[in-house]
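> Below is the structure I would like to discuss, written out as structure tokens.
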């Protein structure tokens, strides 16, 4: 599977500029990839103090995602600030090329305005695409290993993280991404933002793709704005899981939603 990570500067709260800048980057991989991964709230930035920026599921950003997937011939992952009736959600999505979109809401809302104004999710998003199972998680979810954990009831091959992770905690991001890959014998594909948010917090990227043993398969120079593509060897993953079957020894657990 070919995976493309989009690392881009997000203009906080300026949807039209963000959609244009992502459009230019994403079009460079039309017909050349299977899966595109965007940062968290790519169309607005993490402007959670202003939930009025949220849109319905037929809003502009949702329509643009479906257009990219259809024209580019790939699936696409990210999150959008979404309004559903009278509630606001940080809603992750997996959009197929035919426009079908699976969604789930961010489970672990970040301290402060996101927790104040948004509603947390109660389900895990795992999509199957081209015979490969893909788990989608959002930013702060990375810190909670049970929510990320492979299980017999909800197995996966690839962990995808869409994020706005700040520079002053970027070492934690780097370490936890490796841990999640190793403990779940899964590929990790992570897209983080670049730029300063509405709280004057700076983001420096560190988007990456990691192998099933935590090894770096692809990364970005700090603050780089680019799209990079890597091909994942799913056969190699199957061999590792068979020859060193760590995930078969995982303790059973039940999540209370």
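Every number in this text was worked out from the coordinates using simple rules, so none of it is lab data. Quantities reported herein were computed from a predicted structural model and do not represent experimental measurements. Cβ atoms come from the backbone with ideal geometry, glycine included; neighbour counts cover every protein chain shown.
> Give, as residue ranges, the strands (runs of 3 or more DSSP E) completely inside segment 60-136 that count at least 1 residues that are in contact with a strand residue (DSSP E or B) (Cβ under 9 Å, 6 or more places away or on another chain) and within 23 Å of residue 233 (Cα to Cα). Explain how you work it out, then say what you get.
On the way: elements: 75-84, 87-95, 101-105, 125-129.
Output list reads 75-84, 87-95, 125-129.
> If you take the residues in segment 62-94 that are surrounded by fewer than 22 Cβ atoms within 10 Å (Cβ to Cβ) and within 23 Å of residue 124 (Cβ to Cβ), which one is farthest from the chain's Cα centre (by Cα)?
Step by step, filter segment 62-94, then rank; the result is 85.
> How many residues are in contact (Cβ under 8 Å) with a residue 24 or more places away in the chain, part of a loop (DSSP other than H, G, I, E, B) and either in contact with a strand residue (DSSP E or B) (Cβ under 9 Å, 6 or more places away or on another chain) or over 18 Å from residue 134 (Cβ atoms) (or both) when one looks only at segment 182-220?
Number satisfying all stated conditions: 15.
> For residues that are under 19 Å from residue 216 (Cα atoms) and touching a residue at least 60 places away in the same chain (Cβ under 8 Å), scanning just segment 229-252, find the one that is surrounded by the most Cβ atoms within 10 Å (Cβ to Cβ). It would help to see each step written out before you state the result.
Step one: filter segment 229-252 for residues under 19 Å from residue 216 (Cα atoms), giving 229-241.
Cutting the leftovers down to touching a residue at least 60 places away in the same chain (Cβ under 8 Å) gives us 229-232, 234, 237.
On the way: 229: 17, 230: 19, 231: 13, 232: 22, 234: 16, 237: 19.
Selected residue: 232.
> Output the number of the condition that residue 257 fails; it satisfies all remaining conditions of (1) over 27 Å from residue 11 (Cα atoms); (2) assigned to a loop (DSSP other than H, G, I, E, B); (3) within 20 Å of the chain's Cα centre (by Cα).
(3)
> Please work out if residue 130 is surrounded by fewer than 22 Cβ atoms within 10 Å (Cβ to Cβ) and on the phi > 0 side of the Ramachandran plot. Give the derivation first.
Values: surrounded by fewer than 22 Cβ atoms within 10 Å (Cβ to Cβ): yes; on the phi > 0 side of the Ramachandran plot: yes.
Yes; evaluated as a whole, the condition is true for this residue.
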